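Here's the structure, in structure tokens; my notes come after.
The values are calculated or read from the model by the stated rules, or taken from the named source; none is laboratory data. As the structure is a prediction and not an experimental result, all values here were calculated from the model. All Cβ positions, glycine included, derive from the backbone under ideal geometry; neighbour counts span all protein chains shown.
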Amino acid sequence: MQLTVREVAQLLAVSEKTVYRWVGQRKLPAYRVNEQLRFNRAELLEWASANKAQVSPELFAEPESAGTPAPSLDQALRDGGIHYRVGGGDTRGVLSSVVELMRLPDEVDRGFLLQVLLAREALQSTGIGEGIAIPHPRSPIVLHIARPSVTLCFLERPVDFAALDGRPVHALFTLVSPTARAHLQLLSRVAYALRDEAFRSLITRVASRDEILAAAARVDGEVAAHAAGAPAAGV
């Protein structure tokens with residue numbers, strides 16, 4: 001979904017003038033459509049996560065998906081797997097190892113997936129700070145898989161991903177989805193979870209699978225509770 005300047009200002013709780021200034025300073029990713037600025041919700045999610053911006057919970061919702069259950073982070077992690085001591089001495093080496101570990105159908109071209117992930121990193125780092133990255137292509141990649149998944153990999157040695165805070169990456173959440181909508185929903189869920197201090201601390205200290213999955217289930221519950229109460233909140 002493409003967002004307007006007014007919508008972005010509301011989601012980030014800033015003035016429209018501030019949004020224009022950030023775009024002018026090339027701090028905020030934007031596009032011109034018929035001479036009007038437009039923003040990609042997925043990229044705005046990345047930007048908000050990387051800059052620890054205070055945002056409206058609406059940013060983590062996908063309006064077009066009303067009536068369609070969002071992917072569960074707990075289940076997506078179970079489907080994608082959590083891996084430890086993953087090798088690789090640089091970005092290419094790490095992503096190559098990650099792609100090989102991903103639970104994908106035989107017909108998926110892993111070489112192609114690796115290339116689009118590398119192309120995304122060359123365009124702009126997916127490192128969001130504090131040693132965490134969320135590798136995925138600029139445009140959601142649709143694979144012939146049954147349901148969306150998240151593969152979480154903890155590296156044997158931290159690797160420089162050119163993250164905004166300069167810290168090397170030690171944990172990567174790699175997303176694949178059967179549809180573009182599912183991709184955005186899952187990216188939203190991961191971004192929401194990483195704003196949760198308790199969940200993020202588990203990633204920082206490389207917690208066990210059971211701890212991470214339990215925390216993911218808790219976050220899923222909080223998101224569901226918020227969604228159920230959203231119409232009544234109205235603020």
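See the values below:
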quantity: Some residue of segment 122-136 being among the charged types (D, E, K, R), touching a Gly at 6+ places or on another chain (Cβ under 7 Å) and touching a residue at least 60 places away in the same chain (Cβ under 8 Å); calculated: no
quantity: Residues of segment 162-183 classified as under 21 Å from L77 (Cβ atoms) and either modelled with pLDDT of 80 or more or among the acidic types (D, E) (or both), total; calculated: 11
quantity: Residue match in segment 29-37 (condition: among the charged types (D, E, K, R), surrounded by fewer than 19 Cβ atoms within 10 Å (Cβ to Cβ), over 20 Å from T179 (Cβ atoms) and modelled with pLDDT of 70 or more); calculated: yes
quantity: Selection from segment 143-161 of residues that are at pLDDT below 85 and not hydrophobic (A, V, I, L, M, F, W, C); calculated: H144, R147
